[in-house]
Amino acid sequence: MTKTYWFGYDKKKIRERTIEIDQTESEENLDPSQVGVHIKNLSKYYRNKIALKNLSVKFYRNMITAFLGRNGAGKSTTWSILTGLIPPSSGTVYIDGYDILTDMKMVRKRLGFAPQHNILFDRLTVREHLEFFSA
């Protein structure tokens, strides 16, 4: 894990690179107060490589949502940004109304993520991993 995971990243620089979202965003028929995760124009660039480009999507509470895509589509990058592992190049995400750029402490209290592989500890049991990630 990087220093920015624990101490945050330069939010001002990210905000400067973020294009302002049009306030007249078209609303869907679903109640906006039921949005759990709102991703707005999320992008991630690595030098000459685009890992994620202008992703915008809403995940609603009490709905099962699948996050699928081919290899290299940006799924892991998106989850790494949502959990604060890496900063976005532009855009932001709101989780229960909290912005990942300014409210990561609150976001981490509301968001859990159990990766497909045991990325931290090879010797922990499944139960121990679930206990660790749920804490």
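No value in this document is a laboratory result; all are computed from the given coordinates. Just so it is clear, the model here is predicted, and its values are computed rather than measured. Because the Cβ atoms are built from the backbone with ideal geometry, glycine has one as well, and the counts that use them run over all protein chains shown.
Under 5 Å between amide H atoms, partner at least 5 residues away or on a different chain: which partners does A51 have, H built in plane at 1.01 Å?
When sequence neighbours closer than 5 places are left aside, the close amide H contacts are K44, Y45, Y46.
Could I have the simple spin-label model distance between D122 and I64, label points 7 Å from Cα toward Cβ, reported in nm to one decimal?
Taking the simple label geometry, D122 and I64 are separated by 3.5 nm.
Under 5 Å between amide hydrogens, which residues at least 5 positions from L101 or on another chain qualify, with H placed 1.01 Å from N in the peptide plane?
The list, which skips near neighbours in sequence, is V93.
Counting alpha carbon pairs within less than 8 Å and at least 6 residues apart, what relative contact order, in whole percent, applies to the range 32-102?
Details: 110 pairs, mean separation 27.9, N = 71.
Relative contact order, the range 32-102: 39 percent.
Pulled fully out, how much extra length does the chain show between V57 and F133, if you take 0.36 nm times their separation in residues and subtract their Cα-Cα distance?
Numbers: separation 76, 0.36 × 76 = 27.36 nm, distance 2.48 nm.
Residue separation times 0.36 nm, minus the Cα-Cα distance, leaves 24.9 nm.
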